[in-house]
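Enquirer: Pasting a structure here, questions to come.
The values are calculated or read from the model by the stated rules, or taken from the named source; none is laboratory data. As the structure is a prediction and not an experimental result, all values here were calculated from the model. Using ideal geometry, Cβ is built from the backbone for each residue, glycine included, and neighbour counts are taken over all protein chains shown.
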Amino acid sequence: MAEQRSEQPTPRRRQKAREKGQIARSRDLASALAMGGAFGIIVWQSQGMLQHWTGTLRHSMDIAARENFTATGPVMFWNSLEVFRWVAPITAAAFLLSVGASVAQGGFIFAPEALSPKFERLSPATKLKQMFSLAGLSGLLKSLLPFAAIGYIGVVVLAQHWDEMARSSYMGLRTLFQFISGLMVEVGWKSGVVLLAWAGFDYFLTWRKLESDLRMTRQELRDEMKDTDGNPTIKGRVRMLQRELRRKQQLKAAATATVVITNPTHFAVALRYEMDMEAPVVVAKGRNLLAQKIKDIARWEGIPIMENRPLAQALYRAVEVGQAIPSKLYAAVAEILVMVFRAQAEARQREQQRRTMGPEGTGEQR
């Protein structure tokens, strides 16, 4: 039995899908906005369209009456320029809205994998199977629904203006043109609303389907975690080796300590201090077995070991290896260092006296 896709997609899976061009993007939304923008520009330009083109036609006829009518003559040039002036805003609005809608839905992406040729798409059998499948029928119904709504809107508008249409033969040319334009505008903006609403619904369905396709099984999630974070067994081994390396470095640094403060059995903190240092520094610390090794090294190197339970615990919890002790512990550590330095000075003094005195205590030098 196949494992259910119950896990949310990870950022890495989303990124890989994006690289393949799999994003939530509705073509109907871009088309609806492009058509709406073009329709809006046409309506905006139509306010003076009749007078403008009437004047243009008269001007062209006047020029054609005086000069030869050729493809390279001034009549064709000025008419082409006028057509471009009216068509360019419509085309630009449709293009900008279409591109803007596409970018807003999923951003700008370049997916070479989506552009790679797939010969199975050219198979007639595959196309026929898609057309007569449940998914193909669903797509056909999705396409027919908005056009059915637009057809219904057209019928309703014509029914509302049926009396005016019946009397249209008695209208003047200008009035008839305005009447027909009004019908087209009414049908156009209502159809645009329907297409825009349907495009939003289509985007929602596309997004839901993409989210469903991107969902992962627990096994896929575990495999991805192994690929990104590494095998847990290997990571545990690496962490253990890193801890061993840190212990060795601490034990090596413990030999340079000035004093070791103990709990006395559970904690051991090795401090190093020299006269040119601003504050003592923790060079090693440990608990239980590591604390015992630090004390063994201190005994071997002749480093003083001082027992102070509260201070040892405070240093172990508050200071990391390589950091200076906090100011609130200066006084307690200073007392211990004074005792250590005093004991070391007395030991050096006794050693000096022993060297200056003879073995018999006669005062003769060796």
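To keep it simple, each residue is scored yes or no on (1) more than 30 Å from LYS295 (Cβ to Cβ); (2) more than 44 Å from the chain's Cα centre (by Cα); (3) surrounded by 13 or more Cβ atoms within 10 Å (Cβ to Cβ).
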position	(1), (2), (3)
MET165	yes, yes, yes
LEU173	yes, yes, no
GLU186	yes, no, yes
LEU196	yes, no, yes
LEU210	yes, no, yes
GLN219	yes, no, no
ARG237	no, no, no
GLU244	no, no, no
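Enquirer: Still on this structure, I have one more. Against the condition under 29 Å from LEU245 (Cα atoms) and either at pLDDT 85 or above or among the acidic types (Asp, Glu) (or both), how does LYS293 come out, does it pass?
Expert: yes
Enquirer: Determine, yes or no, whether ILE336 is β-branched (Val, Ile, Thr), under 52 Å from the mean Cα position of the chain (by Cα) and not in a loop (DSSP other than H, G, I, E, B).
Expert: no
Enquirer: Would you be able to say whether some residue in region 197-215 is in contact with a strand residue (DSSP E or B) (Cβ under 9 Å, 6 or more places away or on another chain) and in contact (Cβ under 8 Å) with a residue 40 or more places away in the chain?
Expert: yes
Enquirer: Can you name the residue in region 173-228 that is more than 13 Å from ILE153 (Cβ to Cβ) and aromatic (Phe, Trp, Tyr) and, of all such residues, is modelled with the lowest pLDDT?
Expert: Top of the filtered list is PHE177.
Enquirer: Still on this structure, I have one more. Taking region 256-268 as the region of interest, how many residues are under 11 Å from ILE336 (Cβ atoms) and not hydroxyl-bearing (Ser, Thr, Tyr)?
Expert: 3
Enquirer: While we're here: Any residue at all in region 67-77 that's at pLDDT 75 or above, among the acidic types (Asp, Glu) and assigned by TED's automatic domain parsing to the domain that holds LEU205?
Expert: No, the conditions are met nowhere in region 67-77.
Enquirer: Among the residues of region 252-311 satisfying the criterion of being of a type in the set (S, T, N, Q) and surrounded by fewer than 17 Cβ atoms within 10 Å (Cβ to Cβ), which is nearest to the chain's Cα centre (by Cα)?
Expert: Ranking the candidates gives ASN288 first.
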